[in-house]
Amino acid sequence: MPEVTQEKVLVVKNLTKQFGEGCEKCRKNPEVLIRNYCPHCQTIYATREVSFDLYRGEILGIVGESGSGKSTLVRTLYFDQEASAGEAFLNDYGEGRADILKVSSQQKRYLRDYLLGMVYQNPFLGLKMKFSALSNVAEKLIAAGGRHVGTMTQRAHDLLDVVTIEDYRRKDAPENFSGGMQQRVQIAKALSNNPPVLFLDEVTTGLDLSVQANVLDLIKEIQRDLGISMVIVSHDLGVIRMLADRTLVMLDGRVIETGLTDQILEDPQHPYTQKLVQSLL
Amino acid sequence: MKNAYNFAFFDEGSKKEIRRATLKAVAIPGYQVPFASREMPIARGWGTGGLQVTLSLINQGDVIKVIDQGTDESVNAVSIKNLIQKTTGVDSTIDTGKATVVQSRHRIPEEPLREEQIIVLQVPMPEPLRFVESSEYKTKRLHGDGEYSGAWLVLFEKIMKFGKMTGGAAHPVYVHDRYVMSPSPIPKYDNPRLDHSEGIQLFGAGREKKIYAIPPYTKVVSLAFDDYPFEVENQEGRVCHLCGATDVFFDELEDELTHEVYYQCNDSSYCLKRLNQGGGDNA
């Protein structure tokens, strides 16, 4: 098992994403907000000054109820949405000193194609549903400059082996796959370039339990065998308990508690986390 | 010549606007320049893009040639030619070598263009990424970022499905190592002619309101993979039953009585020229 090292692969500082300009009242005095919403200027603060470090080989869990800003957080880090403020640094890019949120859109594409991977809750966001599973995995290789069909096909086959998509289904389009299969193709695609950092956004939500178990096993295996660092977003504490080494708890766009997963589950400090842990079946 | 219309159908302001878009297109090879596509006396999708480009740049003293699927005599080619002639009074020709402006649908003539010649191609679908991305807002950004994996992906998918890069027309090309461009639905056979052409190549899409261009002597490379190189349609073993040409793009015909398949030059004026020069076996 690869060790979780002290090397930080991703450093996020004060990441904020707001929808709306903000006004005098909510900027100066966050207490006027109703949860994350300003009644004076209708601004929604999806994430507020979120900071965390991700270490090499680590799985970091992010839990919180729906609307707490978990997905927005990973989507801004994957550049699906533009951050309003804050900084983020990747150890493998610009010697860890370039703020990846401020680079050009060409550089953001480079980061997405070479250094990051993303698995969305909704496979429609991550896959081209009408293209074959092989092509979907190859798309990321093509984007990263792959121009040899033979090697790209081989890589796609290897990854589809890992996620156990049967050989005879690989030329079929994911639109004809079950939800679990689509999710596994997405994981294969996200892994195609061996990204140092992988984001997983509610990957098991909506899958039946046996398929969930398969996908979770797969994620654990990938971490063990490839040493990829992951940020895994889920509202399901069971998933977090099984996978995550450390966990952030989010509420109304803010991180309210952070620590080792065991610690948070056994000894929650914040009232919201206590409620969350208590309601765990 | 007495005519109720302004020279070349359009008012001078309209022609100027189209010429300005065309100049920009020439300055940025392969980039699709938006323009205010005008109402024409023919329907959109029938060559209005090409026609507007032609009308905007035509001058007294020009000689026009119009082809459709390789022939000067098809209805659409004749109608377009009539419209241009009636509103400008310029001469027309079927001889590629004598034309100064060639408007074409689906073919680049067999005879290579010279420096002083302009070819105008009518384009139905200018966007090479449209098949993978339906939003214009997004494709514009993809072009800006030089992110063309969508165009490659379409070719890759064809190889996965059929074992080779199928698709006979509009095979995308890299222009001047920057923009990926759809060369209008010309057969793949004509793609190599786009590269370092001596004449100016202009592309007009009336319905999609875009003009783009390949200036003379510009590098144009058809998209292909390292282990699946670009290949044109195989014309091997085919001979024109009229003029005996072998290295041209052919129409495949079938004798209705004997069901025998035979071939004929797709470029009818090229075929005629060869016959007049005595090149034909059956002449």
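The values are calculated or read from the model by the stated rules, or taken from the named source; none is laboratory data. Being a predicted model, the structure only gives us computed values, none of them experimental. A quick note on method: Cβ atoms are made from the backbone with ideal geometry, for glycine too, and the neighbour counts reach across all protein chains shown. With ligands, DNA and RNA removed, areas are computed over all heavy atoms of the protein, side chains included. Shrake-Rupley method; radii C 1.70, N 1.55, O 1.52, S 1.80 Å.
Consider the stretch A:127-156. How many of its residues are out of contact with any Phe, Trp or Tyr (no Cβ under 7 Å at 6 or more places or on another chain) and either within 11 Å of chain B (Cβ to nearest Cβ) or without any contact (Cβ under 8 Å) to a residue 12 or more places away in the chain (or both)?
First, pick out the residues of the stretch A:127-156 that are out of contact with any Phe, Trp or Tyr (no Cβ under 7 Å at 6 or more places or on another chain): A:127-134, A:136-137, A:139-141, A:143, A:145-146, A:150-156.
Add one more test, that the residue is either within 11 Å of chain B (Cβ to nearest Cβ) or without any contact (Cβ under 8 Å) to a residue 12 or more places away in the chain (or both), and what stays is A:128, A:130-134, A:136-137, A:139-141, A:143, A:145-146, A:150-154, A:156.
So the count comes out to 20.
Quick grid of which residues meet (1) touching a residue at least 24 places away in the same chain (Cβ under 8 Å); (2) within 14 Å of chain A (Cβ to nearest Cβ):
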| position | (1), (2) |
| --- | --- |
| B:L202 | yes, no |
| B:D227 | no, yes |
| B:F230 | yes, yes |
| B:C243 | yes, no |
| B:D247 | no, no |
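Has the stretch B:107-128 got at least one residue that is outside any loop (DSSP other than H, G, I, E, B) and within 26 Å of A:K130 (Cα to Cα)?
Going through the stretch B:107-128, the residues outside any loop (DSSP other than H, G, I, E, B) turn out to be B:118-122.
Subset that is within 26 Å of A:K130 (Cα to Cα): none.
Among the residues of the stretch B:107-128, not one is outside any loop (DSSP other than H, G, I, E, B) and within 26 Å of A:K130 (Cα to Cα), which makes the answer no.
In the stretch B:174-195, is there at least one residue being away from every other protein chain (no Cβ under 14 Å), aliphatic (A, V, I, L, M) and surrounded by fewer than 19 Cβ atoms within 10 Å (Cβ to Cβ)?
no
Is there a residue in the stretch B:154-173 that is over 15 Å from the mean Cα position of the chain (by Cα), part of a helix (DSSP H, G or I), buried (at least 23 other Cβ atoms within 10 Å of the Cβ) and free of Cβ contacts under 8 Å to residues at least 60 places away in the same chain?
yes
Residue-by-condition table, conditions (1) at pLDDT below 85; (2) open to solvent by 80 Å² or more (accessible area, probe 1.4 Å); (3) in contact with a strand residue (DSSP E or B) (Cβ under 7 Å, 6 or more places away or on another chain); (4) under 12 Å from A:I59 (Cβ atoms):
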residue: A:P196; (1), (2), (3), (4): no, no, yes, no
residue: A:R224; (1), (2), (3), (4): no, yes, no, yes
residue: A:S234; (1), (2), (3), (4): no, no, yes, yes
residue: A:P271; (1), (2), (3), (4): no, yes, no, no
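From the list B:L129, B:L113, pick out the single residue that is surrounded by 21 or more Cβ atoms within 10 Å (Cβ to Cβ), of a type outside the set (V, I, T) and closer than 18 Å to B:Y174 by Cα. Before the answer, list the steps.
On the way: B:L113 fails: closer than 18 Å to B:Y174 by Cα.
Just one listed residue meets the conditions, B:L129.
A:S51 fails exactly one of the following numbered conditions: (1) at pLDDT below 90; (2) in contact with a strand residue (DSSP E or B) (Cβ under 8 Å, 6 or more places away or on another chain); (3) open to solvent by less than 70 Å² (accessible area, probe 1.4 Å); (4) not aliphatic (A, V, I, L, M). What is the number of that condition?
Here A:S51 meets the rest and fails (1).
Collect the residues in the stretch A:243-261 that are assigned to a strand (DSSP E or B) and in contact with a strand residue (DSSP E or B) (Cβ under 8 Å, 6 or more places away or on another chain), keeping them in residue-number order. Can you show your working first?
Here is the first cut: in the stretch A:243-261, the residues assigned to a strand (DSSP E or B) are A:246-251, A:254-260.
A:R246, A:T247, A:L248, A:V249, A:M250, A:R254, A:V255, A:I256, A:E257, A:T258, A:G259, A:L260 - these are the residues of the stretch A:243-261 that are assigned to a strand (DSSP E or B) and in contact with a strand residue (DSSP E or B) (Cβ under 8 Å, 6 or more places away or on another chain).
Can you tell me which of (1) in contact (Cβ under 8 Å) with a residue 60 or more places away in the chain; (2) surrounded by fewer than 22 Cβ atoms within 10 Å (Cβ to Cβ) is the one B:G30 doesn't meet?
(2)
Got a sec? Which helices (runs of 4 or more DSSP H) wholly within the stretch A:101-170 have at least 3 residues that are within 27 Å of B:G163 (Cβ to Cβ) and open to solvent by less than 10 Å² (accessible area, probe 1.4 Å)?
Working: elements: A:105-114, A:123-126, A:133-143, A:149-162.
Hits in the stretch A:101-170: A:133-143, A:149-162.
Taking the conditions exactly as written (in a helix (DSSP H, G or I), over 27 Å from A:A144 (Cα atoms) and either within 14 Å of chain A (Cβ to nearest Cβ) or hydroxyl-bearing (S, T, Y) (or both)), does B:Y212 satisfy them or not? Don't jump to the end; show me each part of the working.
Details: in a helix (DSSP H, G or I): no; over 27 Å from A:A144 (Cα atoms): yes; either within 14 Å of chain A (Cβ to nearest Cβ) or hydroxyl-bearing (S, T, Y) (or both): yes.
Spelling it out, it is not the case that B:Y212 is in a helix (DSSP H, G or I), over 27 Å from A:A144 (Cα atoms) and either within 14 Å of chain A (Cβ to nearest Cβ) or hydroxyl-bearing (S, T, Y) (or both).
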